[in-house]
Structures are given as structure tokens and as C-alpha cells.
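Chemist: Take this structure, written in C-alpha cells, and hold onto it; I'll ask about it next.
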Amino acid sequence: MSEAIKTDVLIIGAGPCGLFAVFELGLLDMKVHLVDILDKIGGQCAELYPEKPIYDIPGIPLVTGQGLTEALLEQIKPFNPTFHLNEMVESIEKIGDPGFRVTTDAGKVFECKVVVVSAGGGSFQPKRPPVPGIEAYENISVFYAVRKMEQFRDKEILIVGGGDSALDWTLNLHPLAKRITLLHRRDEFRAAPHSVEQMRKLVADGTMDLKIGQVTALEGADGKLTGAQLKGSDNTTSTISCDTMLPFFGLTMKLGPVANWGLHLENNLIPVETASFETNVPGIFAIGDINTYPGKLKLILSGFHEGALMSQKAHRYVYPDKRLVFQYTTSSSSLQKKLGVN
Ligand SMILES: Cc1cc2nc3c(=O)[nH]c(=O)nc-3n(C[C@H](O)[C@H](O)[C@H](O)COP(=O)(O)OP(=O)(O)OC[C@H]3O[C@@H](n4cnc5c(N)ncnc54)[C@H](O)[C@@H]3O)c2cc1C
């Protein structure tokens with residue numbers, strides 16, 4: 001386990017509500033680290049609908065999911081938050097009053113005064129392909145994400161899927177791998193046409209293989225893969241040699257470890273009171289899609305409001321001796337100084 005990273009506030013989930021909370025906390029002088037299981041910032045907006053328009057962000061008639069993420073990032077720049085992507089928060093332990101030790105699946109440890117859970121519908125997790133016994137190979141020779149490319153140097157890799165992740169990793173790992181085979185159930189790809197074109201060129205050059213079909217069984221022992229049995233679209237069966245398999249079948253949302261943090265849950269949501277959006281554990285707040293209260297609307301604008309009220313109460317935990325004075329950004333020179341505009 002690594003040495004603890006100390007921060008005022010740890011935000012779990014870098015979706016739009018977690019991002020705007022950085023702004024509200026920053027105005028009140030609280031330093032923030034954010035952890036997200038995704039490899040990108042923006043939660044559902046960036047992962048599920050980056051190019052779709054949103055029409056109900058106050059004051060912005062139209063913005064795409066990705067556009068909103070970028071605008072929020074620009075807005076919170078003055079507060080210099082630290083992002084820890086590709087990591088899932090696994091546990092929260094109480095160490096003070098208030099004070100928490102938060103640990104991720106990568107072994108990173110945070111010590112903070114306040115925890116803000118803005119975990120949306122839960123953690124995005126990869127969909128597992130329907131191959132019997134695949135669990136025994138997971139994290140040994142079957143991986144659902146590429147965290148360090150170097151891990152795959154000189155490997156005989158079978159990449160399964162036809163979307164952007166499958167094609168991007170085919171192209172990125174091609175120079176490192178001993179051999180790459182891309183397998184997709186049909187000879188049509190959802191990925192960006194440019195990536196598909198590049199992949200077809202590598203196949204034509206004979207430096208990688210493309211197979212059409214599905215994996216029906218894995219061969220190997222003790223989690224170490226030696227080959228995969230394939231069923232072709234014409235129902236023929238064959239075996240290919242591989243020591244690594246990377247299936248990219250998309251992501252699904254699961255509540256995940258949120259259920260183990262000692263927080264009350266109602267239908268997989270965290271009940272909060274509506275003055276500060278604090279949970280049943282003092283010092284742990286829940287904002288955005290993950291919380292529930294009478295009249296809750298799962299809208300981004302609700303999460304923004306919740307972040308503002310949460311920050312007022314969080315200030316009491318981080319600065320118990322300081323009085324909070326309400327100020328407008330329009331007229332407060334001290335807030336403008338923090339924003340770097342004065
Ligand atoms: C197709 C579509 C269209 C939509 N259109 C609109 C719209 O027009 N207007 C509107 O207001 N809303 C819209 N929404 C809803 C909106 O996207 C959500 O309300 C919003 O994303 C909620 O933000 P959030 O920050 O609470 O959570 P999310 O955006 O869900 O982000 C939560 C993040 O937490 C991370 N996480 C969860 N658990 C952990 C953990 N244990 N460790 C680390 N990270 C974790 C997840 O990976 C995720 O990135 C739409 C949603 C969809 C799917």
C-alpha cells in the first residue's frame with residue numbers, strides 16, 4: 001500500500017456533478033482529489049453520449065456531453081484538482097471525527113476530512129463475454145482494459161470486439177505485440193472508419209490477422225491462456241494460439257463497492273437530507289444521480305445545486321473555526337482572486 005495522499009475532500013466519481021462540486025468547494029478554499037474508474041473524465045456525458053446535445057443546462061441552450069465536460073474542466077481549472085482515473089474506490093474507513101481513509105483497487109490511499117460520493121448509477125464495469133470458465137483467466141491472461149501497454153509487449157493477443165476500444169487497442173498494441181488477431185462476429189465495424197481502414201491495411205500487409213466469428217471456449221491452465229476455440233460465421237470451428245485475450249464488449253453500470261461503505265441505501269440509491277445532501281454518516285455526502293430524496297430529479301442541474309449546498313456544510317468540517325460569509329462571484333474580489341480574474 002502506498003503512502004496516504006492527504007486532501008480536504010475526496011470526490012468519488014468525475015461525472016458532471018463531481019466536476020461542478022470542485023468549483024463550489026474551490027470557492028470555499030477546499031482542495032480536492034477525484035477518483036474515477038473510467039479512463040476519462042465526464043461520467044455518463046463522456047462515456048454514454050459525448051456527441052449528443054443536452055438542451056437543459058441553465059444558460060446554455062445546447063451543449064454536447066463532451067462539450068459540457070470540457071466546459072466544466074475549464075471552469076474548475078483555477079482550483080487545480082487532481083484526477084486519479086482508471087481506479088475504483090473500494091473502501092472508506094472512518095479515522096477521525098470527521099476523517100476518512102479511502103482506498104482504491106490500485107492500492108492508492110487518501111486521507112481526507114470529507115468524502116463526496118458522486119458515483120452516478122455506480123461504477124462502469126466491462127461486460128463479460130459469454131465464454132464458459134472465463135472468470136478463471138481474468139486479470140491473469142484475460143483483461144477488459146489496458147492500463148499499461150508495456151504489459152502486453154511480445155504477447156500473442158486476441159482482441160475481441162468491433163467498436164472503437166477494440167480497434168484502437170488493436171492499432172496501439174500492434175507495434176508491441178508478438179502477434180495480434182482481431183476477432184469480430186461480422187465483417188462490419190462500429191469503430192471510426194479511419195481506424196478500420198488502418199486495421200485492414202495491417203491485415204493486407206500480413207502483420208496481423210482478422211477473424212470473423214465468436215470465441216466458444218478457452219484453452220489453458222491455472223488462468224494462463226494458450227489458445228481460444230472459435231466458431232466462424234459459417235459454423236466452422238478452429239483454434240487460434242494466444243496467451244492474452246482482450247474482450248471489448250462495452251460497459252455496463254453496477255452499483256459496485258458503494259454498497260459496502262456503511263451508507264444507508266434505498267433501491268441502490270443513497271438517501272440524503274436536502275439541506276446539505278449529507279448521508280447517514282456525518283462527513284460523507286452524496287450528490288448527483290446516486291442520491292435520493294423526495295422529489296429528486298436525475299438531472300445534471302439538480303446535481304449542480306446539490307454540490308453548492310454540500311460545499312457549505314463541508315466547509316464546517318474542513319474549517320471548523322472559520323465563519324463562512326456568503327458571497328457572489330460577480331461582486332466579491334476575494335472570490336474573483338481565487339478564480340484568477342482579478
Ligand atoms: C443518453 C443519456 C442522455 C441524457 N441526457 C440528459 C440531459 O439532456 N439532461 C440532463 O440533465 N441529464 C441527462 N442525462 C442524465 C445525466 O447524464 C446524469 O444525470 C448525470 O451524468 C449524472 O451525473 P453524476 O456526476 O451524478 O454521475 P455520472 O455521470 O454517472 O458519473 C459518475 C461517475 O462515478 C464513477 N464511479 C462510480 N462508482 C465509482 C467508484 N466506486 N470508484 C470510482 N469511480 C466510481 C463512474 O465511473 C462515473 O464516471 C442523460 C443520460 C443519458 C444516459
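The values are calculated or read from the model by the stated rules, or taken from the named source; none is laboratory data. Since the model is a prediction, treat every value here as computed from it, not as a measurement. Don't worry about glycine lacking a Cβ; one is built from the backbone with ideal geometry, like all the others, and counts go over all protein chains shown. We work out accessible area using only protein heavy atoms, side chains counted, and drop any ligands, DNA or RNA first. Shrake-Rupley method; radii C 1.70, N 1.55, O 1.52, S 1.80 Å.
Chemist: Tyr144 accessible area, nearest 10 Å², 1.4 Å probe?
Modeler: Near enough 40 Å² of accessible area.
Chemist: With every protein chain left in place, what is the accessible area per residue of the stretch 275-342 in square angstrom, probe 1.4 Å? Intermediate values should be presented prior to the final figure.
Modeler: On the way: 3680 Å² over 68 residues.
With the other protein chains kept in place, the stretch 275-342 gives 54 Å² per residue.
Chemist: Residues with amide H under 5 Å of Val160's amide H, sequence separation 5 or more or different chain, H placed in the peptide plane at 1.01 Å from N; which?
Modeler: The list, which skips near neighbours in sequence, is Leu183, Leu246, Phe248.
Chemist: If you roll a 1.4 angstrom probe over the protein chains with everything in place, what fraction of the accessible area of the chain belongs to carbon and sulfur, to the nearest %?
Modeler: Working: 8620 of 16960 Å².
Answer for the chain is 51 percent, counting heavy atoms of protein chains only.
Chemist: Return the equivalent ellipsoid semi-axes of the chain as a descending list in whole Å, where each equals the square root of 5 times an eigenvalue of the C-alpha gyration tensor. Mind showing how you got there, number by number?
Modeler: Details: eigenvalues 370, 96, 64 Å².
Equivalent ellipsoid of the chain: 43, 22, 18 Å, largest first.
Chemist: Restricting attention to the stretch 6-59, which GluC sites (Glu not before Pro) occupy a DSSP loop and are surrounded by at most 14 other Cβ atoms within 10 Å? Write down the numbers at each step before the final one.
Modeler: Values: sites: Glu24, Glu47, Glu51; in loops: Glu51.
Sites meeting the loop and neighbour criteria: Glu51.
Chemist: Largest first and to the nearest Å, give the Cα extent of the stretch 1-159 along each principal axis.
Modeler: In descending order, the Cα extents are 50, 44, 27 Å.
Chemist: What is the helix-to-structure angle for 193-204, meaning the angle in degrees between its Cα long axis and the longest Cα principal axis of the chain, kept from 0 to 90 and rounded to the nearest 10?
Modeler: 30 degrees
Chemist: Viscosity 1.567 mPa s, temperature 4 °C: what is the translational diffusion coefficient of the stretch 128-249 from Stokes-Einstein with a Kirkwood Rh over Cα pairs, rounded to a whole number of µm²/s? Don't jump to the answer; show the numbers that get you there.
Modeler: Numbers: Rh = 14.2 Å.
After rounding, the answer is 91 µm²/s.
Chemist: Further question on the same structure: Per residue of the stretch 334-340, in order, report the coupling 6.51 cos²θ - 1.76 cosθ + 1.60 (Karplus, θ = phi - 60°) as ³J(HN,Hα) in whole Hz, putting x for Gly and Pro.
Modeler: Values per residue, Gly and Pro as x: 5, 5, 5, 5, 5, 7, x Hz.
Chemist: A follow-up question, please. So how tilted is helix 65-76 from the main axis of the chain? Cα-based, degrees 0 to 90, rounded to 10.
Modeler: The angle comes out at about 40 degrees.
Chemist: Here's a follow-up. For Trp261, Trp169, give me the order by solvent-accessible area with a 1.4 Å probe, most accessible first, ignoring ligands, DNA and RNA.
Modeler: On the way: Trp261 20, Trp169 55 Å².
Output order, biggest surface exposure first: Trp169, Trp261.
Chemist: Does the stretch 237-335 come out rounded, prolate or oblate by the C-alpha gyration tensor, with a ≥ b ≥ c the root eigenvalues, rounded set by a/c under 1.5 and, if not, prolate when a/b is larger than b/c and oblate if not?
Modeler: prolate
Chemist: Of Lys127/Lys148; Lys52/Lys254; Lys6/Lys148; Lys40/Lys231, which pairs sit farther than 32 Å apart, going by alpha carbon to alpha carbon? Working shown, then result.
Modeler: Details: Lys127/Lys148 20 Å; Lys52/Lys254 23 Å; Lys6/Lys148 26 Å; Lys40/Lys231 34 Å.
In this structure, Lys40/Lys231 lie more than 32 Å apart at Cα.
Chemist: Sort out the exposed loop trypsin sites (Lys or Arg not before Pro) in the chain (DSSP loop, at most 16 other Cβ within 10 Å) and tell me the longest stretch that has none. Kindly include the intermediate steps, with their values, before the conclusion.
Modeler: Working: sites that count: Lys40, Lys127, Arg147, Lys148, Arg153, Lys178, Arg185, Arg186, Arg190, Lys296, Lys298, Lys322, Arg323.
Excluding the exposed sites themselves, the longest stretch runs over 191-295.
Chemist: Gly99: net charge of surrounding residues, Cβ under 9 Å, Lys/Arg +1, Asp/Glu -1, itself excluded? Please report the intermediate quantities before stating the final value.
Modeler: On the way: positive: Lys94, Arg101, Lys113; negative: Asp97, Glu111.
Every neighbour counted, the sum reads +1.
Chemist: Right, next: Rounded to the nearest whole Å², what accessible area per residue is found for the stretch 128-249 with the 1.4 Å probe? Spell out each step's value before the answer.
Modeler: Working: 6490 Å² over 122 residues.
Roughly 53 Å² per residue, with all protein chains present.
Chemist: What angle, in degrees between 0 and 90 and rounded to the nearest 10, separates the Cα long axis of helix 300-318 from the longest principal axis of the Cα atoms of the chain?
Modeler: 60 degrees
Chemist: Let me spell out the model: positive unit charges on the Cβ of Lys and Arg, negative unit charges on the Cβ of Asp and Glu, origin at the Cα centre of the chain. What dipole size does that give, in debye rounded to 20? Walk me through the numbers on the way to the answer.
Modeler: Numbers: 34 positive and 39 negative charges, 69 e Å.
Dipole size: approximately 340 debye.
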